[in-house]
Amino acid sequence: MANSKQAKKRARQTVKQRAHNASLRSTLRTAVKRVRQAIAIGDKSAAQSVFKQSVSVIDRIADKNIIHKNKAARHKSRLSAQIKALVV
């Protein structure tokens, strides 16, 4: 347990920041899920439009170092490949 005034403040800040990061991670997962659902339906044009929105979410969260930039690139690459594999 924190004893000094500084350590107590850092503990408070950490709790707040952790909640914020968890919220952003949840937003990321939701964005990826939406694209996967559009792919599962098989509608290529809908999947592409949802993917376009999700890319901005993924990049924004990677820029804030919530996830690593390579992980963001991997998500985008795999989703894009799945969309390209859809037959129109």
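The values are calculated or read from the model by the stated rules, or taken from the named source; none is laboratory data. The structure presented is a predicted model; accordingly, all values stated were derived computationally and were not measured. A quick note on method: Cβ atoms are made from the backbone with ideal geometry, for glycine too, and the neighbour counts reach across all protein chains shown.
One table, with the values for the structure above:
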{"read-out": "Considering residues of the stretch 14-35 that are touching a residue at least 24 places away in the same chain (Cβ under 8 Å) and not hydrophobic (A, V, I, L, M, F, W, C) only, the residue surrounded by the fewest Cβ atoms within 10 Å (Cβ to Cβ)", "value": "R25"}
{"read-out": "The stretch 42-54: number of residues that are surrounded by fewer than 11 Cβ atoms within 10 Å (Cβ to Cβ) and farther than 12 Å from I83 by Cβ", "value": "0"}
{"read-out": "In the stretch 1-13, residue farthest from A73 (Cα to Cα) [restricted to those that are surrounded by 10 or more Cβ atoms within 10 Å (Cβ to Cβ) and of a type in the set (K, R)]", "value": "K8"}
{"read-out": "Every residue from the stretch 29-41 that is among the basic types (K, R) and closer than 11 Å to S80 by Cα", "value": "R36"}
{"read-out": "The stretch 66-83 residues that are free of Cβ contacts under 8 Å to residues at least 60 places away in the same chain, paired with ones that are small (G, A, S) and surrounded by 13 or more Cβ atoms within 10 Å (Cβ to Cβ) (beta carbon under 6 Å, 6 or more apart)", "value": "K69/A62; A72/A62; I83/A47"}
{"read-out": "Residues of the stretch 65-88 satisfying the condition of being exposed (fewer than 11 other Cβ atoms within 10 Å of the Cβ), modelled with pLDDT of 95 or more and either part of a loop (DSSP other than H, G, I, E, B) or touching a His at 6+ places or on another chain (Cβ under 6 Å) (or both)", "value": "N65, H68"}
